[in-house]
Amino acid sequence: MGGRVTCALDQAGKGLFLRWLTDGQEAAELLARKCAAAGIEWVAPLVLWQELPGALRKTRGRTLDPAAVAALRARDITVIPWAYIVPGGAQEAVVALAKAATICGHRTVILDAEAEWSGASADDVTPVGTWLSHMALTGALTSYGAPWWHTTFPWARWADVCPWGLPQVYDGDRTSHGPGYPARGVAAWAEWWRDSITPVSRAYSVASRGVRWGADELVELAEQTPMPAGSIGWWDVLALDALPERWRGVGRIEIRGRS
């Protein structure tokens, strides 16, 4: 990759992933107030979830409600659509993202590519780049935060077609990847994305390990997470709502040079 890419995630500050953006201005205004209080400047709602043929679940999609997007934008909160994409789904995913991006008022979109792409070839990723270019979109990839465990994933080709990276450095904790995991994950992604990186942290507890994840833990993890582009995101709004102190924890987090 070359130098820093201009997109909606560059110097975007603190952000939050949404499984869906609830329809209606009133619900969006409530979300906007929570985000503003916590210093959240961008949100990423899901607009499409794909499945491979033969999967039990069917492809699911949802059109963004312009009134909900407008309510967030009125609070200066950028809305960045995301889609979960599988091989063979480039056209459907990118067309859905392009429609959403038009409502959001910019051309940055997030593509979530995970297990279905293990073992895929560079050629499998090429149609994604073709459709992003056709729709004049800047793609950002979000995927595993630990590339060293996913060596058959076509990382280099994804970096070619999506010049921004969002490593999911929430898929681990002190008992798995260890306390240095967020920094290791960001450093590994830097091989392909350099400093065009927005790490995605976590706002939830790992129930199976019996660790209650509150405000202090959110702050601690963020302090261990490099933010080379002046931005960070969290998964996800449901986790913050499950324990209101987590919202306050996000509010305590500062990004050097921004807040």
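Every number here is computed from the coordinates shown, using simple stated rules; none is lab data. Small disclaimer: the values here were computed from a predicted structure and weren't measured. As a convention, Cβ positions derive from the backbone with ideal geometry for all residues, glycine included, and neighbour counts pool all protein chains shown.
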Among Pro199, Ile40, Ala93 - extreme Cα towards positive end, dipole of the chain, charges at beta-carbon
Ile40
Could you list the residues of the stretch 14-46 with an amide nitrogen less than 11 Å from a label point located 7 Å from the Cα of Asp76 in the Cα-to-C-beta direction?
41
Using a Förster radius of 35 Å, what is the FRET efficiency between Ala183 and Gln91 based on their Cβ-Cβ separation? Nearest 0.05, please.
0.40
Listed values [x] 23.4, 73; [y] 17.2, 48; [z] 19.9, 85, entry calculated as Rg and Dmax of the Cα atoms in Å
[y]
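Where does the longest stretch of the chain lie that holds no trypsin sites (Lys or Arg not before Pro) found in a DSSP loop with 15 or fewer other Cβ atoms within 10 Å? Spell out each step's value before the answer.
Details: sites that count: Arg19, Arg57, Lys58, Arg75, Arg174, Arg212, Arg256, Arg258.
The longest uninterrupted stretch comes out as 76-173.
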Figure the gain on full extension for His106 and Thr152 (residue separation times 0.36 nm, minus the Cα-Cα span) and round it to one decimal in nm.
13.3 nm
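If you put +1 on each Lys and Arg Cβ and -1 on each Asp and Glu Cβ, how big is the dipole of the chain around its Cα centre, in Debye rounded to 20? Walk me through the intermediate numbers first.
Numbers: 25 positive and 27 negative charges, 68 e Å.
My answer is approximately 320 debye.
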For the chain, what is the mean residue ellipticity at 222 nm derived from helices alone (per DSSP H run of n ≥ 4: -39500 (n - 2.57); sum divided by total residues; nearest 500 deg cm²/dmol)?
-11000 deg cm²/dmol
Given a cut-off of under 8 Å on Cα pairs at least six residues apart, what relative contact order in percent is computed for the chain?
20
